[in-house]
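What follows draws every value from the coordinates through simple rules; no lab data is involved. In this text the structure is predicted, and so the values were computed from the model without any measurement. As a convention, Cβ positions derive from the backbone with ideal geometry for all residues, glycine included, and neighbour counts pool all protein chains shown.
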Amino acid sequence: MLVSVTSERKTRIMKKALMHAHTAYMVTQFNIDNIKILQDLGYTVDVACCWADDDSALSPEAMKARRKILDDLGCRVIETASLRKIFNISELSKAYKQLKHEVETNKYEIVHTQSPIGGVICRLACRKARKLYGTKVIYAAHGFHFFKGAPLKNWLVFYNVEKYCSKFTDLLITINQEDYKNAQKFKAKEVVYVPGAGVDTNKFVASADGRERIRKELGIDDETTVLLSVGELIPRKNHMEVFEALKQMKDAGKDYKIKYLIAGRGKIAEELQNKINELGLQEQIQMLGFRSDVADVFAASDIYVFPSHQEGLPVALMEAMSVGMPVVCSRIRGNVDLIEEGVGGYLFDSKDASTLVTALDRMMAKAEIDRRAMGSHNVAVMENFDKNHVNAVMKEIYSNL
């Protein structure tokens, strides 16, 4: 009996999995729970990604802290070449060779990859291992680059690349309904829908005096309606449209007392501040940079604004919904999975600032009690996207692969 138990234990320990993404941010932001689930199922988990990511939304200190999380979990970290730029052939080739070597040397039972470019390179690198060792390849699409309203070139290039690579995919995970429908046309052995990476619905608990403290710090009185956006400062997040909308409202003489707060860091921070100055909106807009007290910033705000051009299933929006904020967001894939027009908020065209003005007008016309009801509805919606629910789904996926 002892020999049998020991043998079984060794068999469990020998199971190997590789968690791969194009950047360390992607691994640590969306896959820590997946790593823990695999470990609980008896896998040793290696992590492969590019750690030298100049475009990361995290500070160097935060990246060090995340590396420590992986170290504490006992993960071997394989630092690959960059997979961000599609035309950087030398880096893509280097990453392909690195991944191919690791996959064929370690004979992983499971390889879980994600992101458009990284997912392509990794799946191509796994072709031989799938045939020789039975490696199962999971590809999590956090948002296809082809979508309703995307440029024709995205459909011509990315659609056909994804369709081709689906032949080398044992399980294709989609996180929104539009992608799920499109993926049905591919040749992956199985296509599933998972409600995102999961949101910790209890993450943002404001301090007792959070609203008052933040408003006092920022010089905002009780009569001012605070709009808030939280996240990475990159062009895709489309903060400029909010600026244009606020400018239109100001020029039209609308007498709303509004303050728009932007929390986050990113490569276009200076560009955004210059645009604020150019439009003369210094009194209406304030950039907060990175904040460690986001829960209190949420508490100090009244309406969440999410103007992004492109998303898979946006975590930032879900986190705002989880704390009960009414929402004004762009009518794009992912967002429409979360917000029903007039129920949890209002939708607008991400390329037309006048539609955002209309959405803001409708929200501002709502009584406070009605906006609170919208926020309460959003809290209820988030129960289906809670990380505990998503983790249970992922455990079942890994177990049945």
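Assorted remarks:
- Largest GNM mean-square fluctuation across 231, 119, 219, computed for the chain with C-alpha springs under 10 Å, falls on 219.
- For the chain, the relative contact order comes to 14 percent (Cα pairs under 8 Å, sequence separation of at least 6).
- In this structure, the amide hydrogen of residue 187, modeled 1.01 Å from its nitrogen in the peptide plane, lies closer than 5 angstrom to those of 166, 167, counting only residues at least 5 positions away or on a different chain.
- All lysines inside 26 Å of residue 97 as judged from Cα atoms, apart from same-chain residues fewer than 8 positions distant: 15, 16, 85, 107, 128, 131, 136, 163, 167, 187, 189
- Taking the Cα atoms of the chain, the ratio Rg/Rh between the radius of gyration and the Kirkwood radius comes to 1.00.
- Karplus-derived HN-Hα couplings along the range 305-317 (A = 6.51, B = -1.76, C = 1.60, θ = phi - 60°), whole Hz, x at Gly and Pro: 10, 10, x, 4, 7, 8, 8, x, 8, x, 5, 4, 5
- Take 78-87, 316-325 and order them by the average number of nearby Cβ atoms within 10 Å per residue, most first; the result is 316-325, 78-87.
- Restriction of the chymotrypsin sites (Phe, Trp or Tyr not before Pro) in the range 236-308 to DSSP coil positions whose beta-carbon has at most 15 other beta-carbons within 10 angstrom yields 256, 290.
- Straight-distance crosslink candidates among lysines, where the alpha carbon sits under 24 Å from residue 351 and sequence neighbours closer than 8 are dropped: 148, 153, 237, 247, 250, 254, 259, 267, 275
- Estimated FRET transfer efficiency (residue 250, residue 14; beta-carbon r; R0 45 Å; 0.05): 0.10
- Alpha carbon centroid spacing (whole Å) that separates the range 96-141 from the range 326-350: 36
- Rg/Rh (Cα only; Kirkwood hydrodynamic radius) as it applies to the range 333-401: 1.16
- Between residue 190 and residue 202, the distance separating the two model label sites (each 7 Å from Cα on the Cα→Cβ line) works out to 3.1 nm.
- Per residue, the convex hull spanned by the Cα atoms of the range 210-385 measures out at 107 cubic angstrom.
- Between the range 57-94 and the range 160-174, the alpha-carbon center distance in angstrom: 23
- From the C-alpha gyration tensor of the range 12-105, square roots of 5λ in Å: 22, 18, 9
- Annotation: average projected area of the range 80-141 is 3.6 square nanometres, based on the convex hull of Cα atoms across all directions.
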